[in-house]
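Let me begin by presenting the structure, written as structure tokens, before commenting on it.
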Amino acid sequence: MEFTKKIVETTEELFNTMIFLEVSADPPFAEGKQAIGCHVSAMIGLTGDFSAMLGIHCPETTGLAISGAMLGMEIEAIDADVKDALGEIANMLAGGLKERFAAEGLNLELAIPTAISGKSYTIASSTKNNRVIIPFNIEQGQFFVEMKYNLN
Amino acid sequence: MGKAVLIVDDSNTMRKIVSRSLRQAGIDFDQILEAGDGQEALDVLAANKVDVVLSDINMPNMTGLEFLKAKAEDDAIKDIPVVMISTETGADIIDEAKSYGAKGAIKKPFTPDLINETLGPLL
């Protein structure tokens, strides 16, 4: 199902069209590396021919850079605008993935995105789920796009 | 008299992004009005002269499709063109939007060029 390829293509498309930051992907984390530390995240569920959760997780510097670039303004602290921007990014990434899976005959519906922020937290998930975490690089640092999925 | 656009989206951030994209597309509106859902959009249209509406589909209170239906029943505003902007641009939902009078659809993520190509003929 090429989750990694689809996530990378969708993320690059979004950054090229609406965020205007140069982005490059690193190889996905090796299996077993389950925890990542961040300051702002947005997540969205997908249901249908399989069920999944897509998340974007950012340390503070990259969260501010991405949301600032998206809004065309300088943002100095993680606030409602940053969480709203990350929520929109999660929504658009999920929409892009939905379209790519639909081209292969797999239909998905999107839930409503949720964004959270904190001084430092760790994302962890059940090892029973399949999980892909891809680090992406922008000039200001790294962020992560994660997809957990269960094939029905 | 200058032109006015109404941006309808429950996300304040997305309304800002659409505004920025309109500027980047070189479309010069004298007035950019905003609404957070379909009902607010109807209220704005009742109180202002608007040349074109850009509307999300999935919104609380009144969705973009419900907004289109309500607008089509009001003779005073039914002819104002509406373009849908959404991650939901499957053929079924776009056909439904067009059946209620939508003039086009723009898929998120979008470029300023796409905004220009879609809105240009409507202005």
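The values are calculated or read from the model by the stated rules, or taken from the named source; none is laboratory data. On a predicted model such as this, the values are computed, not experimentally measured, just so you know. Every residue, glycine as well, gets a Cβ built from its backbone with ideal geometry; the counts of neighbours run over all protein chains shown.
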* Residue by residue through the range B:82-96, note down the ones that are buried (at least 17 other Cβ atoms within 10 Å of the Cβ) and more than 10 Å from chain A (Cβ to nearest Cβ). => B:82, B:83, B:84, B:85, B:93, B:94
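One line per residue, one yes/no per condition, for (1) surrounded by 19 or more Cβ atoms within 10 Å (Cβ to Cβ); (2) away from chain B (no Cβ under 14 Å):
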residue: A:18; (1), (2): yes, no
residue: A:28; (1), (2): yes, yes
residue: A:37; (1), (2): no, yes
residue: A:42; (1), (2): yes, no
residue: A:51; (1), (2): no, yes
residue: A:54; (1), (2): yes, no
residue: A:60; (1), (2): no, yes
residue: A:86; (1), (2): yes, no
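Looking for whichever is part of a loop (DSSP other than H, G, I, E, B) and at pLDDT 90 or above here; the options are B:29, B:67. Which one fits? Don't jump to the end; show me each part of the working.
Numbers: B:67 fails: part of a loop (DSSP other than H, G, I, E, B).
Result of the check over B:29, B:67: B:29.
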* Those residues that are away from chain B (no Cβ under 12 Å) and either in contact with a helix residue (DSSP H, G or I) (Cβ under 7 Å, 6 or more places away or on another chain) or outside any loop (DSSP other than H, G, I, E, B) (or both), I need them from the range A:102-126; list them, please. => A:114, A:116, A:117, A:118, A:119, A:120, A:121, A:122, A:123
* Within the range A:83-98, identify whether any single residue is in a loop (DSSP other than H, G, I, E, B) and not acidic (Asp, Glu), and answer yes or no. => no
* To do: State which residue pairs qualify: first residue at the interface with chain B (Cβ under 8 Å from one of its Cβ atoms) and inside the range A:88-99, second residue in a helix (DSSP H, G or I) in any location, beta carbons under 6 Å apart, and separation of 6 or more residues or different chains.
  => A:88/B:13; A:88/B:14; A:92/A:14; A:96/A:10
* Structure fact -> Within the range A:62-75, restricting to residues that are part of a loop (DSSP other than H, G, I, E, B) and touching a helix residue (DSSP H, G or I) at 6+ places or on another chain (Cβ under 7 Å), the one that is farthest from the other protein chains (Cβ to nearest Cβ) is A:74
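Looking only at residues in the range B:22-35 that are under 12 Å from residue B:54 (Cα atoms) and not acidic (Asp, Glu), which one is farthest from the other protein chains (Cβ to nearest Cβ)?
Our first condition is that a residue be under 12 Å from residue B:54 (Cα atoms); within the range B:22-35, this holds for B:22, B:32-35.
Going one step further and asking which of them are not acidic (Asp, Glu), we end up with B:22, B:32-33, B:35.
On the way: B:22: 12, B:32: 14, B:33: 19, B:35: 16 Å.
Residue satisfying both the conditions and the ranking: B:33.
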* Can we say residue A:78 is in a loop (DSSP other than H, G, I, E, B), surrounded by 14 or more Cβ atoms within 10 Å (Cβ to Cβ), touching a residue at least 12 places away in the same chain (Cβ under 8 Å) and not acidic (Asp, Glu)? -> yes
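Please verify whether residue A:121 is modelled with pLDDT under 95, within 21 Å of residue A:77 (Cα to Cα) and of a type outside the set (D, E, K, R), treating the condition exactly as stated.
Working: modelled with pLDDT under 95: yes; within 21 Å of residue A:77 (Cα to Cα): yes; of a type outside the set (D, E, K, R): yes.
So residue A:121 passes the test.
So which residues in the range B:78-101 are assigned to a loop (DSSP other than H, G, I, E, B) and small (Gly, Ala, Ser), if there are any at all? It would help to see each step written out before you state the result.
Restricting attention to the range B:78-101, the residues satisfying the condition of being assigned to a loop (DSSP other than H, G, I, E, B) are B:78-81, B:87-90, B:100-101.
Of everything in the range B:78-101, those that are assigned to a loop (DSSP other than H, G, I, E, B) and small (Gly, Ala, Ser) turn out to be B:90, B:101.
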